[in-house]
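Here's the structure, in structure tokens; my notes come after.
Since every read-out is calculated from the coordinates, none of them should be taken as a lab result. Keep in mind the model is a prediction, meaning the values are calculated, not measured. Heads up, the Cβs are rebuilt from the backbone with ideal geometry, glycines too, and the neighbour counts pull from every protein chain shown.
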């Protein structure tokens with residue numbers, strides 16, 4: 001299957017700093033990418049939908065000024081957590097949509113664990 | 001909100017078939033049934049999907065009832081590496097995925 005990578009796999013930062021997480025589709029082009037976060041023992045929660053060349057669409061309750069999403073190319077989307085605080089500590093996961101067809105499937109990255117001290 | 005209902009947890013003996021049920025009684029005609037699984041501290045892994053016919057691949061089989069209101073994911077010979085949370089999702093092609101709580105499958109040695 002298609003491969004999606006994330007970088008970094010884990011990051012520790014101080015409160016008040018910003019952290020950027022990259023999501024790349026390695027062997028296919030993805031016009032749409034999605035960002036999720038997951039707290040311990042909970043399910044994945046969709047944060048936003050990222051479309052190449054346009055502004056991201058955020059889910060209700062997600063602060064767009066805090067979670068900046070940039071989808072600059074068909075293989076790269078970035079999530080920047082601005083002015084991070086301990087409550088932002090979570091597992092952040094991206095997925096990439098390979099396109100609309102019968103085989104349309106979203107492939108997920110391995111996740112990035114963010115710890116804010 | 002998730003459109004599916006799954007049991008919170010299940011046990012299966014190693015080497016036996018694991019049958020994971022899913023109810024999706026409000027599924028629309030253009031919605032597919034997808035299954036993903038998430039092994040601890042990893043991203044979800046695609047398993048299989050189908051519209052109305054039964055499907056099989058190298059990982060699993062998907063059985064969808066004739067009225068499409070429920071389905072079963074079958075792992076034919078479960079191993080310890082199949083221990084994970086399994087998510088049943090209904091979605092239109094190209095649409096976002098909304099995860100429910102899934103089924104935590106424990107494979108017993």
Evaluate peptide B:7-19: per residue, the Cβ atoms of other protein chains within 10 Å of its Cβ; return the mean as an integer. 0
Residue B:45-residue A:76 pseudo-label distance in nm [points 7 Å out on the Cα-to-Cβ vector]: 2.9 nm
Mean separation of Cα contacts under 8 Å, 6 or more apart, over the residue count of chain A: relative contact order %: 36 percent
Work out Dmax and Rg for chain A from the C-alpha atoms and quote the Rg first, both in angstrom. 13.6, 45
Among A:57, A:32, A:78, residue whose mean-square fluctuation peaks in a GNM of chain A (springs only between Cα atoms under 10 Å): A:57
Pick from B:34, B:87, B:46: which residue has the top mean-square fluctuation in a GNM of chain B where Cα pairs under 10 Å get a spring? B:46
Per residue of A:39-49, count partner chain C-beta atoms within 10 Å of its C-beta, then hand back the mean as an integer. 3
Need one number: nm distance between label points at residue A:5 and residue B:77, each 7 Å from Cα along Cα→Cβ, rounded to one decimal. 3.4 nm
How would B:91, B:16 line up from fewest to most surrounding beta-carbon atoms within 10 angstrom? B:16, B:91
Per residue, the convex hull enclosing the Cα atoms of the protein assembly as shown spans a volume in Å³ of 118 Å³
How do A:91, A:28 line up, fewest other C-beta atoms within 10 Å first? A:28, A:91
Spatial separation of Cα centroids for segment B:63-84 and segment B:18-60, in angstrom: 8 Å
Segment A:49-68 to segment A:1-36: how many Å between their Cα centroids? 14 Å
Packing-based exposure ordering (other Cβ within 10 Å, fewest first) of A:93, B:27: B:27, A:93
Rounded to a whole number, the mean other protein chain Cβ count within 10 angstrom for residues of B:39-50 is 4
So how far apart, in nm, are the two label points at residue B:30 and residue B:108 if each is 7 Å from Cα heading toward Cβ? 4.5 nm
Mean-square fluctuation maximum in Gaussian network of chain B, Cα pairs under 10 Å, restricted to B:80, B:62, B:93, hits B:93
Place a label point 7 angstrom from the Cα of residue A:54 along the Cα-to-Cβ direction, then list the residues of segment B:62-102 whose backbone nitrogen is under 20 Å away. B:92-98
